[in-house]
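The values are calculated or read from the model by the stated rules, or taken from the named source; none is laboratory data. A quick note: this is a predicted structure, and the numbers were derived from the prediction, not measured. All Cβ positions, even for glycine, are placed from backbone atoms using ideal geometry, and neighbour counts span all protein chains on display.
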């Protein structure tokens with residue numbers, strides 16, 4: 001069995017697709033290959049499998065790669081690949097397709113995976129082919145979190161800020177400027193963050209801030225924190241798994257459904273960044 005993952009990462013896309021694909025890859029048997037574009041801020045070097053670089057996001061280039069590699073299964077985790085694109089691949093190659101979906105969009109696939117807690121099977125009734133297998137509402141939790149949850153840790157950080165690997169909205173800096181300077185703060189980010197130089201300069205001027213870039217101890221740092229400030233994305237499911245209080249701030253349209261789910265469940269959420277509203281939430285939920 002040979003499986004090809006089609007996903008990208010960049011300073012604007014973020015790293016979420018790749019990170020959850022790596023969790024799924026561990027469940028699969030046989031050879032794993034990734035197909036990615038070398039976009040600005042891509043974290044291709046963090047993929048522990050063979051990676052084939054694509055020059056475009058055209059179906060013809062991907063079809064040629066599938067044929068040359070003799071792939072059995074194609075996993076698609078990409079907002080720019082739609083049902084028409086998938087159908088072209090399926091009809092040309094006959095490959096088995098598993099598609100990720102977060103936003104209830106049409107797909108032409110053999111199985112569909114929505115790993116978000118809000119996933120609703122009834123909403124896929126007219127969005128996928130008959131016979132398409134649905135795998136819903138089971139978060140893809142990294143093994144490091146499962147192991148870390150068994151450990152005992154001292155809470156050394158008052159706040160953890162993790163606004164995505166790329167933090168395209170540069171909210172980390174805005175949050176830091178709003179929080180009391182006396183707090184012990186931990187920041188999780190990556191070199192895909194285009195605002196990293198500005199963030200590093202700010203951190204130098206404020207005590208008690210630990211900046212973690214490309215950390216391999218995300219679960220541990222989360223476990224050592226009293227409160228997390230995150231986006232309503234895949235990471236919030238890891239925060240929930242670790243039973244960590246949090247404030248979630250929506251920064252993208254593809255987070256609408258998770259935002260609505262969290263709000264309905266009574267969690268602390270912001271529809272958009274607002275310093276005054278954030279301060280009120282912080283003082284309500286901070287311990």
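Taking the range 32-70 as the range and being more than 24 Å from residue 214 (Cα to Cα), part of a loop (DSSP other than H, G, I, E, B) and touching a helix residue (DSSP H, G or I) at 6+ places or on another chain (Cβ under 8 Å) as the test, only 55 passes. Condition check for residue 209 on (1) closer than 26 Å to residue 141 by Cα; (2) at pLDDT 95 or above; (3) touching a strand residue (DSSP E or B) at 6+ places or on another chain (Cβ under 8 Å): one failure, at (1). Screening the range 29-43 for residues that are surrounded by 14 or more Cβ atoms within 10 Å (Cβ to Cβ) and at pLDDT 95 or above and picking the one that is farthest from the chain's Cα centre (by Cα) gives 31.
Scanning the range 157-193 for residues that are part of a loop (DSSP other than H, G, I, E, B), in contact with a helix residue (DSSP H, G or I) (Cβ under 9 Å, 6 or more places away or on another chain) and within 21 Å of residue 243 (Cα to Cα) turns up 163, 164.
Counted as qualifying within the range 211-269 are the helices (runs of 4 or more DSSP H) with 3 or more residues that are farther than 25 Å from residue 184 by Cβ, namely 256-264.
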